[in-house]
1. Starting from residues that are hydrophobic (A, V, I, L, M, F, W, C) and either free of Cβ contacts under 8 Å to residues at least 12 places away in the same chain or not in a helix (DSSP H, G or I) (or both), keep the ones in the stretch 141-165 and report whichever is surrounded by the fewest Cβ atoms within 10 Å (Cβ to Cβ).
2. Would you confirm whether any residue within the stretch 127-136 is modelled with pLDDT under 95 and hydrophobic (A, V, I, L, M, F, W, C)?
3. Would you confirm whether any residue within the stretch 122-139 is over 22 Å from Arg42 (Cα atoms) and among the aliphatic types (A, V, I, L, M)?
4. Taking the stretch 68-93 as the region of interest, how many residues are of a type outside the set (Lys, Arg) and either in contact with a His (Cβ under 6 Å, 6 or more places away or on another chain) or exposed (fewer than 15 other Cβ atoms within 10 Å of the Cβ) (or both)?
5. When you scan the stretch 112-128, do you find a residue that is closer than 20 Å to Tyr176 by Cα, touching a strand residue (DSSP E or B) at 6+ places or on another chain (Cβ under 7 Å) and in a helix (DSSP H, G or I), even just one?
6. Given (1) within 24 Å of Glu29 (Cα to Cα); (2) without any contact (Cβ under 8 Å) to a residue 60 or more places away in the chain; (3) assigned to a helix (DSSP H, G or I); (4) not assigned by TED's automatic domain parsing to the domain that holds Arg53, identify the lone condition not met by Val190.
7. So which residues in the stretch 43-52 are under 15 Å from the mean Cα position of the chain (by Cα) and either modelled with pLDDT under 95 or over 19 Å from Pro118 (Cα atoms) (or both)?
8. Mind checking whether some residue in the stretch 56-78 is among the aromatic types (Phe, Trp, Tyr), in contact (Cβ under 8 Å) with a residue 60 or more places away in the chain, touching a strand residue (DSSP E or B) at 6+ places or on another chain (Cβ under 9 Å) and farther than 19 Å from Tyr149 by Cβ?
Amino acid sequence: MKRKTLFIVALLIPLALFAVAVMSLDEPEYEVIKQTDDFELREYKPFVVAETRVTGDFDAVGGRAFRSLVSYIQGENQGGRNLPMTAPVNQQRVADSNDGTWLFQFVMPKEYVLQMLPRPVDEEVSLRQIPARLVAARRYSGGWGEQRYRDNEQALLEALQQERLMPVGAPIFARYNAPFVPWFLRRNEVLVDVER
C-alpha cells in the first residue's frame, strides 16, 4: 500500500509542476482599478492579437480556431518563426453576425509590437493591435461549457448594472489554461469593455 501511494505521489508531482508552469503563461499587462466580490475593473495597456473567425455553436468552434492560431505561432508564418504561447485565448461573438460567427484571439507576447510579428500564411488568420481599454473581469474556475460561461456572463452584467457601469461590445470568454489542465485548476474569465 505504501509503495502504491508513493508511486501515485511521484506521478502527481510532475503533473502539478507542469500545470503550474502552464498556468503562469505571459498575459497582457493591466492595473486593477477597483475590486468587488463580483468582478475586477482593469485598465489594460495596448497589446497585439492573432485572430481568426469561425462559424458554429459555442462549444464546437474552439477546435478549428485553436488549430489555425496554433499553426501560426508554431511557424506557419512568413519566416517560419515560432512564437511563445501566451494567455488568454479569447472567444467573442461577432456582434453584427446572425450566423453564429465567433472571433478567437491569441494574445501575442508583449515584447512584440505589431510591425515585428511575422505575417500569417493562412489567410483566415490576421494580426491586430488592441488599444488601451477599461475592462470588467469576472474570474471563475471549472469546465469550458457554454452554460457555465453564460451563468458567469449574466452575473457580471448584473453586477455592472448595479455599479452603474455601461458595457461596450460583446462579452469575451477568456481561457488561461491548456485543455489538459484539470478543470478544477483552470482559470476562466468573462471580460467586457466598459465606458470610462
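1. From the stretch 141-165, those hydrophobic (A, V, I, L, M, F, W, C) are 144, 155-157, 159-160, 165; that's our starting set.
When the remaining residues are screened for being either free of Cβ contacts under 8 Å to residues at least 12 places away in the same chain or not in a helix (DSSP H, G or I) (or both), the result is 144, 165.
Working: Trp144: 17, Leu165: 19.
Among residues in the stretch 141-165 that are hydrophobic (A, V, I, L, M, F, W, C) and either free of Cβ contacts under 8 Å to residues at least 12 places away in the same chain or not in a helix (DSSP H, G or I) (or both), the one surrounded by the fewest Cβ atoms within 10 Å (Cβ to Cβ) is Trp144.
2. Looking only at the stretch 127-136, we keep the residues that are modelled with pLDDT under 95, and these are none.
So far as the stretch 127-136 goes, no, none of its residues is modelled with pLDDT under 95 and hydrophobic (A, V, I, L, M, F, W, C).
3. Going residue by residue through the stretch 122-139, those that are over 22 Å from Arg42 (Cα atoms) are 122-127.
Now restrict to residues that are among the aliphatic types (A, V, I, L, M): 125, 127.
Yes, because at least one residue in the stretch 122-139 is over 22 Å from Arg42 (Cα atoms) and among the aliphatic types (A, V, I, L, M).
4. Quick first cut of the stretch 68-93, residues of a type outside the set (Lys, Arg) only: 68-80, 82-92.
Then drop every residue that is not either in contact with a His (Cβ under 6 Å, 6 or more places away or on another chain) or exposed (fewer than 15 other Cβ atoms within 10 Å of the Cβ) (or both), which leaves 70, 74-75, 78-80, 82, 84.
Number of matching residues: 8.
5. Scanning the stretch 112-128, I find no residue that is closer than 20 Å to Tyr176 by Cα, touching a strand residue (DSSP E or B) at 6+ places or on another chain (Cβ under 7 Å) and in a helix (DSSP H, G or I), so the answer is no.
6. Checking Val190 against (1) within 24 Å of Glu29 (Cα to Cα); (2) without any contact (Cβ under 8 Å) to a residue 60 or more places away in the chain; (3) assigned to a helix (DSSP H, G or I); (4) not assigned by TED's automatic domain parsing to the domain that holds Arg53, the one that fails is (3).
7. To start, the set of residues in the stretch 43-52 that are under 15 Å from the mean Cα position of the chain (by Cα) comprises 44, 47-52.
Hit for the stretch 43-52 is Tyr44, nothing else.
8. Going through the stretch 56-78, the residues among the aromatic types (Phe, Trp, Tyr) turn out to be 58, 66, 72.
Right, trim to in contact (Cβ under 8 Å) with a residue 60 or more places away in the chain and you get 58.
Imposing the further condition that a residue be touching a strand residue (DSSP E or B) at 6+ places or on another chain (Cβ under 9 Å) reduces the set to 58.
In the following step, the residues that additionally are farther than 19 Å from Tyr149 by Cβ were identified as none.
So far as the stretch 56-78 goes, no, none of its residues is among the aromatic types (Phe, Trp, Tyr), in contact (Cβ under 8 Å) with a residue 60 or more places away in the chain, touching a strand residue (DSSP E or B) at 6+ places or on another chain (Cβ under 9 Å) and farther than 19 Å from Tyr149 by Cβ.
The values are calculated or read from the model by the stated rules, or taken from the named source; none is laboratory data. From a predicted model like this one, the values you see are computed outputs, not experimental measurements. Every residue, glycine among them, receives a Cβ derived from its backbone with ideal geometry; neighbour counts consider all protein chains shown.
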